[in-house]
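The values are calculated or read from the model by the stated rules, or taken from the named source; none is laboratory data. Everything numeric here is computed off the predicted structure, so don't read it as measured data. Don't worry about glycine lacking a Cβ; one is built from the backbone with ideal geometry, like all the others, and counts go over all protein chains shown.
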Amino acid sequence: MVGRLSFRHLNPDWNAEPNAPDVKLTVEGNTVQLTFLLNSWAYDARKAETGTLRFIGCSRWRWDSTNDHAWFAGRGLYSKQAPKWGEFYEVIGDSRPIGEDDWEVLSPDGPKSLQFLFYFRDDTIEVVAEDWSLARQMPGAG
């Protein structure tokens with residue numbers, strides 16, 4: 001059961017490429033990284049520039065195939081609650097039970113754990129971690 005939720009918008013001045021973000025997820029220990037193409041049409045990003053969200057102190061994550069069509073039809077995760085599709089949020093107040101069949105569990109959630117949600121065009125990715133950061137990179141830079 002999802003209780004009363006609020007969503008803190010975390011990407012007001014950047015976003016993923018809306019059509020083909022080419023999302024890649026990697027896990028190293030308790031760090032999860034999402035790498036994707038940045039949106040160069042609506043934000044200050046260059047063509048082919050990537051963003052890497054790094055979640056440290058990650059206890060669990062899930063990659064859901066909910067896309068924009070399902071979300072707008074009211075069938076997607078938080079489709080009736082989240083303010084807008086295609087954004088990155090901290091989710092506050094989620095009380096859904098945690099089933100290991102739904103999540104890739106790395107460790108128990110800690111007292112500093114926060115829940116993050118990113119709606120990409122064809123996927124929804126949730127991460128529970130202590131913190132996050134964004135790094136940007138051009139191809140070939142390094």
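Inside segment 83-92, can you point out the residues that are in contact with a strand residue (DSSP E or B) (Cβ under 7 Å, 6 or more places away or on another chain) and under 15 Å from residue 121 (Cβ atoms)?
Scanning segment 83-92 gives 85, 86, 87, 88.
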Practice prompt. Go through (1) at pLDDT 90 or above; (2) closer than 21 Å to residue 94 by Cβ; (3) surrounded by fewer than 16 Cβ atoms within 10 Å (Cβ to Cβ); (4) of a type in the set (Gly, Ala, Ser) and name the single condition residue 59 misses.
Written response: (3)
Item to complete: Scan (1) within 18 Å of residue 129 (Cβ to Cβ); (2) in contact with a Leu (Cβ under 9 Å, 6 or more places away or on another chain); (3) at pLDDT 95 or above; (4) of a type outside the set (Phe, Trp, Tyr) for the single condition residue 64 breaks and write down its number.
Response: (3)
Worksheet item: Which condition breaks for residue 62 when tested against (1) assigned to a strand (DSSP E or B); (2) of a type in the set (D, E, K, R); (3) out of contact with any strand residue (DSSP E or B) (no Cβ under 9 Å at 6 or more places or on another chain)?
Response: (3)
Worksheet entry | Pairs where the first residue, in segment 30-41, is free of Cβ contacts under 8 Å to residues at least 12 places away in the same chain and the second is surrounded by fewer than 15 Cβ atoms within 10 Å (Cβ to Cβ) and of a type in the set (A, V, I, L, M, F, W, C), C-beta under 6 Å, 6+ apart | none
Practice prompt. Can you run down the residue pairs with Cβ atoms below 7 Å, 6 or more apart or on separate chains, where the first is in segment 122-142 and surrounded by 15 or more Cβ atoms within 10 Å (Cβ to Cβ) and the partner is in a strand (DSSP E or B) and not hydrophobic (A, V, I, L, M, F, W, C)?
Written response: 123/64; 124/64; 126/62; 126/115; 128/60; 128/115; 132/54
Worksheet item: Is it true that some residue in segment 68-89 is farther than 22 Å from residue 140 by Cβ, touching a residue at least 24 places away in the same chain (Cβ under 8 Å) and in a strand (DSSP E or B)?
Response: yes
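If you take the residues of segment 103-116 that are without any contact (Cβ under 8 Å) to a residue 60 or more places away in the chain and part of a strand (DSSP E or B), which of them is nearest to residue 5 (Cα to Cα)? Outline the logic, then answer.
Taking segment 103-116 and keeping what is without any contact (Cβ under 8 Å) to a residue 60 or more places away in the chain, we get 103, 105, 108-115.
Subsequent filtering for residues that are part of a strand (DSSP E or B) retains 105, 114-115.
Details: 105: 23, 114: 13, 115: 11 Å.
Only one residue tops the list, namely 115.
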Worksheet item: Does residue 26 satisfy the criteria of being at pLDDT 90 or above, touching a Ser or Thr at 6+ places or on another chain (Cβ under 6 Å) and part of a strand (DSSP E or B)?
Response: no
